[in-house]
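Peer 1: I'd like to ask some things about the structure below.
Rule-based calculations on the coordinates, nothing more; no lab input. Only a predicted model underlies this, so the values are computations on that prediction, with no experimental measurement involved. All Cβ positions, even for glycine, are placed from backbone atoms using ideal geometry, and neighbour counts span all protein chains on display.
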Amino acid sequence: MRAIEIPQDLALTLRRATRVVVLTGAGISAESGVPTFRDAQTGLWAKFDPRELATPSAFARNPRLVWDWYASRREALAGIVPNPGHVALARMDALVHDFLLATQNVDGLHERAGSRRLVELHGNIARVKCSREHRVVAKWETPGGDLPPPCPHCGALLRPDVVWFEEMLPEDALARAERAARRAEVMLVVGTSAEVWPAAALPRHAKAAGARLVEVNPEATPLSEVADDVLRARAGIALPALVAAAWPDAPHAAPAV
């Protein structure tokens, strides 16, 4: 594992900050072995276009196909665990007074690592919700083995609790992330190109409000030119080093997998 040097002034700024926001994307989960949306289309699913599997119209046309696709993705995630990058952000959550982690990922790894002040902008693949009333449903029955199962409250079909193409991000989740970004003293952008809107606006909001903007990514992105600091390394290397530099005396924590 290649070490990375953390600028002393960045470590000091982070340690003193009381308001910190983090935005994460697919890069941090790729280190745990989570396939990207398109990479997950292997085997039986290789012949399908993403828009045949992840739109409201696709669900209306063939709900069983969409349900089975997401069931296969949940099975693929079953043996995947949080990596040191996820764990480092969970430690940061415990160390910063006013903290928010906004993620574009749907794999649930941040929560499993121990993050608690968390906004899942695109939902969570492990949850299902009513396709009519949008309430999250924890338990259901499958009469006659039919899939998708009906909502136990209203009888409409259940669907994955994720944001599909053609859908807006949850208003409350996006508003919470925007409020935090506009108040942040430090914002970390981890494992994402920050090009998918409206989440891509969050780093711009923070920067405009005077936050120190830190990019953590092994590759250059459009955000690199405006970031105050660029840690050109994988999240699993850069984030533990950053937390150790900012809080050298903080206790280490094991992931809550």
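Peer 1: Given points 7 Å out from each Cα along the Cα-Cβ axis, report the W197 to H134 separation in nanometres with one decimal.
Peer 2: Between W197 and H134, the simple spin-label model gives 2.1 nm.
Peer 1: A follow-up question, please. Hey, can you grab everything whose amide H is under 5 Å from the amide H of R212? Only 5+ residues off in sequence or another chain; H modelled, so Pro and N-termini drop out.
Peer 2: For R212, the qualifying residues are V186, M187.
Peer 1: Next up: Each residue of the stretch 234-244 in order: what ³J(HN,Hα) in whole Hz does its phi give by Karplus 6.51 cos²θ - 1.76 cosθ + 1.60, θ = phi - 60°, with x for Gly and Pro?
Peer 2: Once rounded to whole Hz, the list reads 5, 4, x, 9, 5, 5, x, 5, 5, 5, 5.
Peer 1: To continue, here is another question. Cut-off is 10 Å between beta-carbons; in what order do E171, E52 appear when sorted fewest neighbours first?
Peer 2: On the way: E171 8, E52 16.
Ascending number of Cβ neighbours within 10 Å: E171, E52.
Peer 1: A follow-up question, please. How would you rank 115-126, 72-83, highest first, on the average number of other Cβ atoms within 10 Å across their residues? Please report the intermediate quantities before stating the final value.
Peer 2: Values: 115-126: 19.8, 72-83: 16.0.
Highest mean packing first, the order is 115-126, 72-83.
Peer 1: Please arrange R15, R179 by counting, for each residue, the other beta carbons lying within 10 Å of its beta carbon, fewest first.
Peer 2: R179, R15
Peer 1: Here's another thing I want to ask about it. Can you tell me the orientation of helix 84-95 relative to the chain, as the angle in degrees between its alpha-carbon axis and the longest Cα principal axis, to the nearest 10?
Peer 2: The angle comes out near 70 degrees.
Peer 1: If I take every Cα pair under 8 Å that is 6 or more residues apart in the chain, average their sequence separation and divide by the length, what percent do I get for the relative contact order? All intermediate terms of the calculation are to be shown ahead of the outcome.
Peer 2: Working: 462 pairs, mean separation 68.5, N = 257.
Taking the mean separation of contacting Cα pairs over the length of the chain, I get 27 percent.
Peer 1: What Cys residues in the chain have no fellow cysteine's beta-carbon under 4.7 angstrom?
Peer 2: C154
Peer 1: So how far apart, in nm, are the two label points at T55 and E5 if each is 7 Å from Cα heading toward Cβ?
Peer 2: Taking the simple label geometry, T55 and E5 are separated by 5.1 nm.
Peer 1: Using mean Cβ contacts within 10 Å as the protection proxy, how do 214-223, 161-170, 184-193 order, highest first? Don't skip to the end; give the middle numbers.
Peer 2: Working: 214-223: 18.5, 161-170: 15.7, 184-193: 24.9.
The packing order, highest mean first, is 184-193, 214-223, 161-170.
Peer 1: How do I237, I4 line up, fewest other C-beta atoms within 10 Å first? Show your work: numbers first, answer last.
Peer 2: On the way: I237 20, I4 17.
Placing the least packed residue first, the sequence is I4, I237.
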